[in-house]
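The values are calculated or read from the model by the stated rules, or taken from the named source; none is laboratory data. The structure presented is a predicted model; accordingly, all values stated were derived computationally and were not measured. Glycine gets a Cβ as well: all are built from the backbone with ideal geometry, and neighbour counts include every protein chain shown.
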Amino acid sequence: MPMLDVGQGHTMYYETHGNPKGRPIVILHGGPGGGIMPQIKTLFDLKKWFVIQYDQRGCGKSLPRLQLKNNTTWHLVEDMETLRKHLELESWALYGGSWGTSLALAYASKHLERVTAFILRGVCLFTDEENTWMFEKGHASEVFPKAWSNVTQMVRKDTRKLVGPYMKLLKSKKTRKVAARAWTKYEHALSYLVPKPFKADPKSDEESAVLEAYYYKHNAWLTPELLLDAARKISVPVILVHGRYDMVCPASSAFALKEVIPKAKLFLIPNAGHATLEPGIRRALKRELNRLVA
């Protein structure tokens, strides 16, 4: 099992797929805490792409699991550089989904010269407006009132906000598993245009909830406008794929990014929500990835 010591007591699990002589691309998973999605590599022509997947700090097969110490956006950015150098790559393309789009732009703010293209799905800029939309009453809660009611049952004293109260529940071993399941079930409800049954996975639910709440509490250690300022300097190809009815990351974020990167290609998928493998999103991603290696 390929493991890479990235420092500060953390070890990264990673995988490589496809043609080692093909065009390199690294997949930045969502969450934070989402971990590798094996299905993502099916988007790529593995005869032409060299695909790198890895678990970010604290989740998946990376160790130590659920470790929040030395776990910030800027640690993750430098982990990417450590991995790139380990693989002896001069540069690579970045594929980011949801939180992975934020991480891609954060990486660009430090190492733009190492990026050959950006493929960003479900754009997230980690703004106050996005966080309010998702985790405070009066926004997504009005579109999904039942899902909101279910997730706030555990925080009856404060049903207007999730992150603060849930941080307390997720810190306690007594309530962590139940709280994590409720958190990820709420997010799942918002992710699909056509609802899908929720299947609990205690390990991944715990990682997603703990790491997401932790990053949201700290605004991912990002200052206002930092990601858009980094985007303004991008000159390589940028592909943005966003579901028109994305209830996790509203489409306004994709339009804001397009505005500062005029040459970016924005594909607003009319019959799609947030999830990567919804048919329209999948088709658009696969088509544009093929064009990049045509």
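Per-structure values
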item	result
Only listed residue being farther than 22 Å from Thr72 by Cβ, at pLDDT 95 or above, basic (Lys, Arg) and touching a strand residue (DSSP E or B) at 6+ places or on another chain (Cβ under 6 Å), chosen from Arg232, Arg283, Arg244	Arg244
From the options Leu103, Leu68, residue that is in contact (Cβ under 8 Å) with a residue 12 or more places away in the chain, within 29 Å of Pro20 (Cα to Cα) and not acidic (Asp, Glu)	Leu103
Number of the condition not met by Val51 [criteria: (1) without any contact (Cβ under 8 Å) to a residue 40 or more places away in the chain; (2) outside any strand (DSSP E or B); (3) farther than 18 Å from Ser98 by Cα]	(2)
Among residues of the range 149-191, those that are closer than 17 Å to Trp133 by Cβ and either of a type in the set (S, T, N, Q) or at pLDDT 95 or above (or both), counted	9
Subset of the range 124-139 [surrounded by 16 or more Cβ atoms within 10 Å (Cβ to Cβ) and without any contact (Cβ under 8 Å) to a residue 12 or more places away in the chain]	His139
Test: residue in the range 28-38 that is surrounded by fewer than 19 Cβ atoms within 10 Å (Cβ to Cβ) and in the same structural domain as Leu120 (by TED's automatic domain parsing)	yes
The range 240-261: number of residues that are β-branched (Val, Ile, Thr) and farther than 11 Å from Gly122 by Cα	2
Complete set of residues in the range 191-215 that are over 16 Å from the mean Cα position of the chain (by Cα) and within 25 Å of Gly243 (Cα to Cα)	Leu193, Val194, Pro195, Lys196, Pro197, Phe198, Lys199, Ala200
Qualifying residue in the range 226-243 (condition: assigned by TED's automatic domain parsing to the domain that holds Gly35 and without any contact (Cβ under 8 Å) to a residue 40 or more places away in the chain)	yes
Members of the range 251-276 that are part of a loop (DSSP other than H, G, I, E, B) and either of a type in the set (A, V, I, L, M) or within 22 Å of Leu226 (Cβ to Cβ) (or both)	Ala251, Ile261, Pro262, Lys263, Ala264, Ala272, Ala275
Subset of the range 209-250 [farther than 24 Å from Phe118 by Cβ and assigned to a helix (DSSP H, G or I)]	Ala209, Val210, Ala213, Tyr214, Lys217
